[in-house]
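K.L.:
Quick one: the structure is below, and I'll ask about it shortly.
The values are calculated or read from the model by the stated rules, or taken from the named source; none is laboratory data. Only a predicted model underlies this, so the values are computations on that prediction, with no experimental measurement involved. Cβ placement follows ideal geometry from the backbone for every residue including glycine, while neighbour counts extend to all protein chains displayed. Only protein heavy atoms, including side chains, enter the accessible area calculation; ligands, DNA and RNA are left aside. Shrake-Rupley method; radii C 1.70, N 1.55, O 1.52, S 1.80 Å.
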Amino acid sequence: MNEQIVAAGELKWWQRGIIYQIYPRSFQDSNDDGVGDLRGITARLPYVASLGVEAVWLSPIFTSPMRDFGYDVADYCDIDPLFGTLGDFDALVTEAHRLGLKVMLDYVPNHTSSDHAWFRDAITGPDSDRRDWYVWRAPAPDGGPPNNWVSFFGGPAWTLDPTSGQYYLHQFLPSQPDLNWRNPAVRRAMGDVLRFWMDRGVDGFRVDVIWLLAEDDRFLDEPENPDWTPGSVEHARLQHVYTQDQPETHAYIRELRQVLDEYDDRMMVGEIYLPVEQLLPYAGTPAQPMVHLPFNFHLILLPWHAAGVRDFADRYDAACVAAGSWPNWVLGNHDQHRFKSRVGAAQYRVAQTLLLTLRGTPTVYYGDEIGLQNVPIPPERMVDPAGVQQPDVPAASRDPERTPMHWNTQPNAGFTAGHVEPWLPVDDAFASLNVEQQESDPASDLNYFRALTRLRRDHPALVGGAYVSEDSGAADVFAFRRTLDGEVVTVLLNFGSASQTLGDLAQGRTLLSSVGDQPVAGAALRPNEARIVLR
Ligand code: NOJ
């Protein structure tokens, strides 16, 4: 356990700091076209720095037809004009670094856009030099797709190229063909993409669907998932034993890591939805490192109950200690409904406190610091292909969590000047739920968030300290301690709506309470209260 107790100064930036995810389309529009852009983000970086976070991660900003809003890249080494220019990007990096913020980009290696020059060449025919940069198969004997693989957005994962009579693979939209990572030329080209951005000063990468890079080359049908229920997304109908988490993928990630290690102090965090046993191996070993952080999405996926969350935190922390890998935690991102809507408004600060006090790097989704919730999107405004393609699955659309940031009470919440309709509707709640109003309210969610990040700075136990959970004696209370160099910080989280007397556990000086005032030592934990106590 001792090796896990680390003074903050000995930690790398991606271990000690908080990653703040910006969805560029929705952060700040600077040119009045209704879509956020790089200049808008740069103008807002002082706000981001004021949150006490370490790094900004930008969802894709590269040249793209935007059929999946940038996760369909047509040129990995340029900026889409919608977002600005390479010059705007350089200015963003300079400003971020001046403010002490690291910059992370979204790297999308599994697939390109069908508009990418590589695919346009590949689809000219089997003789194309780039043909083998993508995954092609002959039809099944009946002329249909080569096997039963399905796309994440519903429908077959194969599309017929009528000219050659072959099908190509796409785990997402037909306009997002999968790259063939078995081809060394693809791996070299994609390594060069990382170098291109690191040469421009980029500090790290969030790697899109990294656990999908390779497919089993027998192309067998995937088995049915016995737990699938009709009405849920079609992709979950199969068990993805041949399209996910393949041994080759691990090898390709080791190669990517070598590219990162050509540079100083860079990092990558991999998007991976897998159980802990399959997740942690993605960090690799000291001799063969892989990603610095394999994203841990389990707080998103677990039911919101004290016992279940404690059990998971115990298991995950212990597994990280055993594997010698650094933990991380996520409550929200651009693919998941807003956590405040998920756990309920009463539990919002409990969840926020948990995220920022567990051992490991937290990732925060823009707007969660002021308590943005899912925004209902009228059907005619729905734009997310995951929703548009699966109209019978109401939760499939990711639009509700991608709406514009609320800055102030001006039209469109200050996100865009108000002359054009923003690309997604602004939540009507913005008049009373915005940054400007929360700045001036000491009891606001924004200032609660800042109080949490300040505590992380002032109490190194909350960053590098060991984690151990405690029996609280109350089914609804998850209690844990963070300890470092004799400092003991206790975190008490009431997942329920009744007050709870905790006795000795609550003794000590209250550093922060989500309910506002500073209760006396040992006072009962109030309904839905999060409290941080120094022994
Ligand atoms: C995962 C991304 O987070 C999601 O937004 C995107 O649609 C798919 N990958 C495809 O790139």
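K.L.:
Do we have any residue at all in the range 45-65 that's closer than 19 Å to M405 by Cα, charged (D, E, K, R) and either open to solvent by 20 Å² or more (accessible area, probe 1.4 Å) or modelled with pLDDT of 95 or more (or both)?
P.N.:
No, the range 45-65 contains no residue that is closer than 19 Å to M405 by Cα, charged (D, E, K, R) and either open to solvent by 20 Å² or more (accessible area, probe 1.4 Å) or modelled with pLDDT of 95 or more (or both).
K.L.:
Is it the case, given these coordinates, that V6 is at pLDDT below 95 and closer than 30 Å to A318 by Cβ?
P.N.:
Taking the combined requirement at face value, the residue satisfies it.
K.L.:
Still on this model: Tell me, which strands (runs of 3 or more DSSP E) lie completely within the range 47-154 with 1 or more residues that are not hydrophobic (A, V, I, L, M, F, W, C)?
P.N.:
So the answer is 75-79, 102-107.
K.L.:
Restricting to the range 222-244, and then to whatever is within 16 Å of the ligand (Cβ to nearest atom) and part of a loop (DSSP other than H, G, I, E, B), can you tell me which residue is surrounded by the fewest Cβ atoms within 10 Å (Cβ to Cβ)?
P.N.:
It comes out as V233.
K.L.:
So, one more: Determine, yes or no, whether R44 is of a type in the set (K, R), farther than 22 Å from V330 by Cα and more than 21 Å from the chain's Cα centre (by Cα).
P.N.:
Against the criterion (of a type in the set (K, R), farther than 22 Å from V330 by Cα and more than 21 Å from the chain's Cα centre (by Cα)), R44 does not qualify.
K.L.:
Hey, any hits in the range 205-221 for a residue that's without any contact (Cβ under 8 Å) to a residue 40 or more places away in the chain and either of a type in the set (S, T, Y) or surrounded by 20 or more Cβ atoms within 10 Å (Cβ to Cβ) (or both)?
P.N.:
Checking the range 205-221: at least one residue is without any contact (Cβ under 8 Å) to a residue 40 or more places away in the chain and either of a type in the set (S, T, Y) or surrounded by 20 or more Cβ atoms within 10 Å (Cβ to Cβ) (or both).
K.L.:
Yes or no: the range 370-386 includes at least one residue that is open to solvent by less than 10 Å² (accessible area, probe 1.4 Å) and within 29 Å of L11 (Cα to Cα).
P.N.:
Yes; the residues of the range 370-386 include at least one that is open to solvent by less than 10 Å² (accessible area, probe 1.4 Å) and within 29 Å of L11 (Cα to Cα).
K.L.:
Residue by residue through the range 131-154, note down the ones that are open to solvent by 20 Å² or more (accessible area, probe 1.4 Å) and either of a type in the set (G, A, S) or more than 25 Å from Q244 (Cβ to Cβ) (or both).
P.N.:
A138, A140, P141, D142, G143
K.L.:
How about the range 517-527: which of its residues are open to solvent by 40 Å² or more (accessible area, probe 1.4 Å) and within 32 Å of the chain's Cα centre (by Cα)?
P.N.:
Those that are open to solvent by 40 Å² or more (accessible area, probe 1.4 Å) and within 32 Å of the chain's Cα centre (by Cα): R526, P527.
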